[in-house]
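Structure, as structure tokens:
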Amino acid sequence: MARRSNPPPVESDLLSVDNDALRPLAERMRPRTLDEMVGQRRLLAPGSALRRAIESGRVHSMVLWGPPGCGKTTLALLLAKYSDAEFRAISAVLSGLPEVRQVLAEAGARFAQGRRTVLFVDEVHRFNKAQQDAFLPHIEHGSILFVGATTENPSFELNSALLSRCRVHVMEALSVDDIVLALRQALDDDERGLGGRGLQVGGAQLALIAQAADGDVRRGLTLLEIAAGLVEDGAGEGGTRRGGTITDATLAQVLADRSRRFDKGGEQFYDQISALHKSIRSSNPDAALYWFARMLDGGVDPVYLARRLTRMAVEDIGLADPRALQMATEAWDAYDRLGSPEGDLALAQVVIYLASTAKSNAAYRAFNAARADVGEHGTQEVPLHLRNAPTRLMKQLGYGSNYRYDHDAEGGIALAQTGFPEALGERVYYRPVERGLELKLKQKLDALRAAREQARGATGGDGTQE
């Protein structure tokens with residue numbers, strides 16, 4: 001299909017002027033061409049593969065994955081516009097399978113008449129497997145150009161059959177500079193935006209709005225519209241509602257108690273707990289404290305964070321600093337007693353300590369290695385010398401025979417005596433690191449293991465298996 005330099009309007013452009021006055025600024029300022037879009041340079045830069053496909057009208061079914069307000073709906077509208085296709089939108093939150101089937105039937109009839117349909121499915125991850133499967137034959141047949149929008153990782157939320165028929169495009173949250181650019185466009189646009197109203201707003205104020213938008217251009221435009229309404233209400237004479245300056249005082253009212261992007265059950269949640277854990281593991285208390293504060297700000301249950309911090313104390317600090325586990329459990333107890341916000345500080349102290357102290361995963365690795373041996377070698381008999389012999393019959397059967405009482409041995413350790421099943425032989429699971437308290441443990445255990453090996457060799461033992 002030939003490139004369309006002047007793409008035809010879609011239904012969002014066909015609304016009347018009267019209706020335009022009632023529509024939110026964010027909707028009025030929705031980009032009409034690719035050149036009007038802000039952000040997404042990686043995907044839509046001139047000459048990029050996706051942009052060339054859109055401009056030529058040879059687009060493919062796709063899934064757009066990105067945070068709210070990054071342009072997923074706008075891009076779907078532009079796909080229809082540049083492809084001269086019908087645009088239909090459904091929401092997985094509001095639509096059921098009957099409505100999906102009706103839309104697909106209409107698309108099939110339209111395709112039979114020579115026109116394709118861009119079917120935009122918002123929040124597609126909320127559809128179950130059966131609902132997602134309903135799209136498959138229509139995508140294969142070509143009667144629809146499927147565009148699914150999701151804020152969740154498609155790998156987890158969409159079935160493999162749908163993913164195999166679509167290209168996943170990752171869209172990013174908009175930067176502060178991108179949102180400032182969109183705000184300026186709205187201020188300068190006389191037709192759809194706030195141009196001609198005589199509004200005065202400085203660059204510092206625009207930056208504050210853009211920062212509060214938190215990567216969501218739609219939120220940024222909404223905040224600008226609210227601020228403009230506040231200053232216009234108090235401007236002019238005779239009720240003119242024109243002009244006015246958006247000041248820091250105005251924005252203090254508009255931006256009060258704003259929330260940031262966070263999904264307590266979605267991928268952002270797991271990404272941020274991963275960032276917290278890895279910052280602690282990397283001995284970066286400042287980064288760890290940042291992610292801890294981010295998660296609290298997003299509404300994560302502090303008890304969940306206390307549990308995860310306790311896990312980190314065991315897994316990543318371990319015996320390099322046994323105090324870490326004690327501090328984590330005490331902070332957890334302190335939070336249970338104090339609640340928020342006082343108890344948050346106890347958890348914050350643990351975050352700093354865990355990130356700052358010596359690290360070792362030797363105990364964690366040793367336990368996993370021992371479990372792997374148990375799983376691989378099955379039920380091995382306990383050696384006779386290690387068995388308890390509370391009855392005469394057991395003693396006659398050899399239970400406890402040849403056991404050497406360590407406290408009676410030279411140095412307090414019966415070096416030649418093995419603690420493993422005969423079929424397994426000696427094992428070394430725990431290998432302390434040369435950090436923190438484990439440095440001393442390593443020196444002691446290295447010497448002890450060498451002495452045991454020497455003693456077993458002198459008594460004809462079976463040697464060491466590592």
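Read the figures in this text as sums done on the coordinates, not as results from a lab. Keep in mind the model is a prediction, meaning the values are calculated, not measured. Ideal geometry is used to build each Cβ from the backbone, glycine not excepted, and the neighbour counts take in all protein chains shown.
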Could you pull the Cα extents of the stretch 51-110 along its three principal axes, largest to smallest, in whole Å?
35, 31, 14
Under the classification rounded if a/c is under 1.5, otherwise prolate if a/b is larger than b/c and oblate if not, where does the stretch 267-356 fall, given a ≥ b ≥ c as square roots of the Cα gyration tensor eigenvalues?
oblate
Spelling it out for Arg116: with amide H atoms placed in the peptide plane at 1.01 Å from N, the residues 5 or more places away or on another chain with amide H under 5 Å from its amide H are Glu86
Classify the stretch 318-401 from the C-alpha gyration tensor, please: rounded if a/c falls under 1.5, else prolate or oblate depending on whether a/b exceeds b/c.
prolate
For the stretch 398-415, in residue order, the Karplus 3J(HN,Hα) values (coefficients 6.51, -1.76, 1.60; θ = phi - 60°; whole Hz; Gly and Pro = x) are x, 4, x, 6, 6, 6, 9, 6, 4, 5, 8, 7, 5, x, x, 9, 7, 5
Please give me, ordered by residue number, the chymotrypsin sites (Phe, Trp or Tyr not before Pro) of the stretch 363-466 that lie in loop per DSSP and have at most 11 other Cβ atoms within 10 Å.
Tyr405
Quick one: which residues, 5 or more positions from Thr245 or on another chain, have an amide H under 5 Å from its amide H? H modelled 1.01 Å from N in the peptide plane, none for Pro or chain starts.
Gln200
For the stretch 81-148, which GluC sites (Glu not before Pro) are in a loop by DSSP, counting at most 14 other Cβ atoms within 10 Å?
none
Please give the contour-minus-distance gain from Glu422 to Tyr304: 0.36 nm per residue of separation, less the Cα-Cα distance, rounded to one decimal in nm.
38.1 nm
Karplus couplings for the stretch 194-205 from phi (6.51 cos²θ - 1.76 cosθ + 1.60, θ = phi - 60°), rounded to Hz, Gly and Pro as x?
9, x, x, 8, x, 5, 10, 8, x, x, 5, 5
Would you work out the relative contact order for the stretch 43-183, in percent, from Cα pairs under 8 angstrom that are 6 or more residues apart?
34
Along the Cα→Cβ direction, 7 angstrom out, place labels at Ala409 and Glu99. What is the inter-label distance in nm?
7.5
Everything considered on the Cα gyration tensor (a ≥ b ≥ c; rounded for a/c under 1.5, else prolate if a/b is larger than b/c, else oblate), the chain must be described as prolate
From the backbone phi of the stretch 157-166, what are the Karplus-calculated ³J(HN,Hα) couplings (6.51 cos²θ - 1.76 cosθ + 1.60, θ = phi - 60°) in whole Hz, Gly and Pro given as x?
9, 10, 6, 5, 5, 5, 4, 5, 9, 10
